[in-house]
1. In segment 34-151, with Lys and Arg counted as +1 and Asp and Glu as -1 at Cβ, which of these residues, ALA76, ALA111, VAL128, has the Cα nearest the positive end of the dipole, that is, farthest along it?
2. Would you calculate the separation in nanometres between label points at ARG217 and ARG79, each defined as 7 Å from the Cα along the Cα-to-beta-carbon direction?
3. Most exposed first by the Cβ proxy, i.e. fewest other Cβ within 10 Å, how do THR121, THR183, THR193 rank?
4. On the first, second and third principal axes, largest extent first, how far apart are the outermost C-alpha atoms of segment 7-111 in Å?
5. Mind checking the full-extension length gain between GLU32 and ASN18? Use 0.36 nm per residue of separation minus the Cα-Cα distance, one decimal, nm.
6. Please check which bits of segment 1-41 a label hung off LYS175 would reach, taking the label as a point 7 Å along Cα-to-C-beta and the cut-off as backbone N under 17 Å.
7. Step by step: find N for segment 35-77, compute 2.2 N^0.38 Å, then divide the Cα radius of gyration by it. What's the final number?
8. On the first, second and third principal axes, largest extent first, how far apart are the outermost C-alpha atoms of segment 89-159 in Å?
Amino acid sequence: MILEPIVPNVLSVRRLPNADPAMIRAYGGDPERHRSLGLVTVDQDDPTYVALDEATKHAPVDVIFAKSFYAGSAHASGRLSGEILGVFGATEPESIEHALEACLRCLQHDACFYDADGKGTVTVFPHVIASLGEYLSKEAGLPPGEPMAYLVAPPIEASIALDAALKAAAVRAVKVMPPPTETNFSAAWLTGTLDECEAAAMAYAAAVVEVAGAPKR
């Protein structure tokens, strides 16, 4: 099964080398530790969460803010809004630069949605993180370095696919986000060995493709 990747569009990248403390606090940061900020908006939210996590492996930064926007990028509030805003906080601007470089590299070459029906009308995110960073490990309640399958699809496709993934591999669900999420998709985080996470992701993607091809079977 070969699916066509849909590479995320990075819509904006900005730096605040010396952000105002009131803003830092409002976005969940600590002005004593997060004097410099890096901000990014992207038209795909889940790949961006993965990319934010990846950046924590390459620079001493914290993800102080990461939120998906309601109804997704097709209904964005502006040309640069996309589907998500992510904010890094760090003590030094150099750390922000390294984090943004890692984040953008991940979005360009690693994490993306895939076309599941050959028309771009059904998409799937069957991503496996081989080693969790500081950000998503905290969100998932797992130790840093653990593997995790990060699985996302539209509502009915995701429901059928999650069942298939759990039955296909020796994995356990650490978090399931049933529909509707902010973007009206559904997501699940599964953990196990790396091989089992990969098997779960493959089963998930195959099930999404099957439902997209035969929705009323």
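What follows draws every value from the coordinates through simple rules; no lab data is involved. Fair warning: this is a prediction, and the values are worked out from it, not measured in the lab. All Cβ positions, even for glycine, are placed from backbone atoms using ideal geometry, and neighbour counts span all protein chains on display.
1. ALA76
2. 4.4
3. Ordered from fewest to most neighbouring Cβ atoms within 10 Å, THR121, THR183, THR193 come out as THR121, THR193, THR183.
4. For segment 7-111, the Cα spread along each principal axis is 37, 28, 16 Å.
5. This chain segment gains 3.9 nm when fully extended.
6. Within reach of a label on LYS175, which here means backbone N under 17 Å from a point 7 Å along Cα→Cβ, segment 1-41 contributes 28.
7. 1.27
8. Computed over segment 89-159, the largest-to-smallest principal extents equal 44, 26, 18 Å.
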